[in-house]
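Remarks on the structure that follows.
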Amino acid sequence: MKNNIDKKNQKQNLYQLIALLVTGALIAVLAILLTALGNPGNMGFCAACFLRDIAGAIGLHGNPLVQYARPEILGVVLGVFAVALVRREFKAQGGSAPLTRFILGFTMMIGALIFLGCPLRMLLRIAGGDLNAIVGLFGFVAGILLGLFFIKRGFSLGRKYNQKAVEGVHLPAASLVLLWIVVFVPSLLLFSAEGPGSMHAPLLAALVAGIAAGVASFVSRFCIVGAFRDSFLLKKVTPTLMGVVALLVVALVGNLVLGNFQLGFAGQPVAHTEAIWNFLGLALVGLSAVLVSGCPMRQLVLAGGGSSDATITIAGMLAGAAIAHNFGIAASPAGVTTTGAVGFGFALLVTLVIAVVYTFMLAKNRVIAKEEVAAVGEKKGLCAQDD
Amino acid sequence: MTKDSDALVDVDVTASAAEVHVLKSYVATFYSQFGALSTQKELQKRGVSAELQPVPRALSSSCGLCLSFQHDSPLCLEDATDIEDVYQVTADGYEGLVIF
């Protein structure tokens with residue numbers, strides 16, 4: 001029987017690996033297509049930038065350069081929601097330190113807007129030859145390792161709980177409403193006339209690309225932060241990391257073929273060359289993302305699948321984007337401002353305080369009781385019970 | 001009640017010989033990575049070899065890592081932190097044992 005189990009496991013692992021490779025390659029292809037269709041350079045897909053644009057479109061911030069209700073984001077959420085329902089995997093769950101997650105979503109966005117991109121865009125920028133993103137990658141890894149330092153010593157936001165289905169429907173419902181507004185009453189929204197917000201692929205293409213990327217990410221559980229985190233924890237290259245590499249390779253090849261590859265630090269699209277901030281920005285993203293268990297893109301996918309914890313994190317990201325742009329914290333191609341440096345410092349400090357408090361200052365939940373396991377074990381005839 | 005670290009030994013000593021040697025495969029999922037890591041350490045301290053691995057897609061979960069181990073009962077998980085579900089690995093897949 002053991003052989004059978006092993007064979008079955010091997011087969012499942014192989015399917016899982018293929019799903020992750022396909023997802024990575026698919027997201028790369030979609031990102032390149034979306035850039036060709038009008039999205040900003042090396043920004044075919046970016047969860048953080050696009051959420052920031054949505055925050056601008058609904059007037060949460062007043063930066064006229066980055067306002068657009070990105071259909072990609074709506075597509076991800078709605079696509080995941082639909083496929084989760086069809087596969088009967090929709091689970092409304094949450095209640096794991098929601099307000100702390102809000103804050104960590106906030107700080108994750110501050111970090112992303114100091115670097116100018118989420119981990120997904122970091123990969124796309126590297127694939128476009130933007131060496132600033134390599135600096136960012138080192139920061140990202142450093143942030144993840146710092147997060148693991150806390151996790152190994154006891155960091156946990158606590159357990160999640162099953163909730164009423166409606167708790168998991170809020171974000172898909174909001175996405176549907178926003179999509180309806182985009183299509184039928186766009187005059188309600190703000191649209192950038194210039195800058196990155198004015199550059200976008202046609203609505204339908206963006207929506208379909210979002211749906212495809214979301215569905216693939218949900219089915220394969222693609223996650224850039226998880227890829228690095230688990231590889232460090234397991235001390236081996238996980239299938240998810242191979243999916244990330246697939247994304248990078250396919251995007252790189254695509255950019256080379258289309259002539260979009262431009263190696264260097266200076267003059268990269270929607271990027272700045274301040275190495276320290278590229279490093280620190282993504283370090284904060286890595287740290288925050290490890291603490292909330294998932295990069296910005298993964299939060300969208302989880303939220304579509306019913307996680308109210310992820311929905312709260314996304315709300316935090318929207319708030320972070322609004323504050324970052326209203327108070328001039330977000331970086332621009334010109335670099336990071338003094339206000340940006342101070343704002344970032346606060347965000348990093350808050351994240352570290354949360355990490356320390358949840359690691360060292362709270363009692364751990366020991367939620368499994370010996371009696372409960374014993375009772376279930378006995379019922380199933382699984383174990384000889386003596387005490 | 002015995003001390004935590006003695007619990008496993010109790011089962012070994014008092015269960016009949018036949019039962020002691022029937023090792024079954026289990027997979028435990030957790031609400032947090034720390035839960036998986038600390039439980040792995042705890043099991044290893046008790047002489048149970050437990051391996052961290054990505055959660056099988058069929059089970060899915062929040063933290064992404066699960067603990068795979070072989071033992072004659074899932075009782076060795078009695079003090080696990082942040083544990084979500086325990087499954088027995090069977091020829092047909094995964095059979096849920098404890099659902100919270």
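Between residue B:97 and B:86, B:87, B:88, the built amide H atoms are under 5 Å apart, and every one of these is 5 or more places off in sequence or on another chain. Here the gap between residue A:9 and residue A:180, fully extended at 0.36 nm per residue and compared with their Cα-Cα distance, gives a gain of 57.2 nm. With 27 Å as the limit on Cα-Cα distance, the pairs of A:7/A:235; A:164/B:41; A:152/B:45 that go past it are A:164/B:41.
When shorter helices are ignored and each DSSP H run of at least 4 residues is given -39500 (n - 2.57), the per-residue value for the protein assembly as shown at 222 nm works out to -19000 deg cm²/dmol. Less than 5 angstrom separates the built amide H of residue B:81 from those of B:39, all sequence-distant by 5 or more or on a different chain. Subtracting the Cα-Cα distance of residue A:162 and residue A:36 from 0.36 nm times their residue separation leaves 41.1 nm of extension gain. Spatial offset of segment A:1-51 relative to segment A:159-183 amounts to 24 Å, using the alpha carbon center of each. Qualifying chymotrypsin sites (Phe, Trp or Tyr not before Pro) in segment A:114-144, where qualification requires a DSSP coil assignment and no more than 12 other C-beta atoms within 10 Å, are lacking entirely. Full extension of the chain between residue B:24 and residue B:59 gives 10.8 nm of extra length, using 0.36 nm per residue less the Cα-Cα distance.
None of the figures in this text is laboratory data; all of them are computed from the coordinates on show. None of the values given here were measured: they were computed from a predicted structure. Cβ coordinates were reconstructed from backbone atoms using ideal geometry, including for glycine residues, and neighbour counts include every protein chain displayed.
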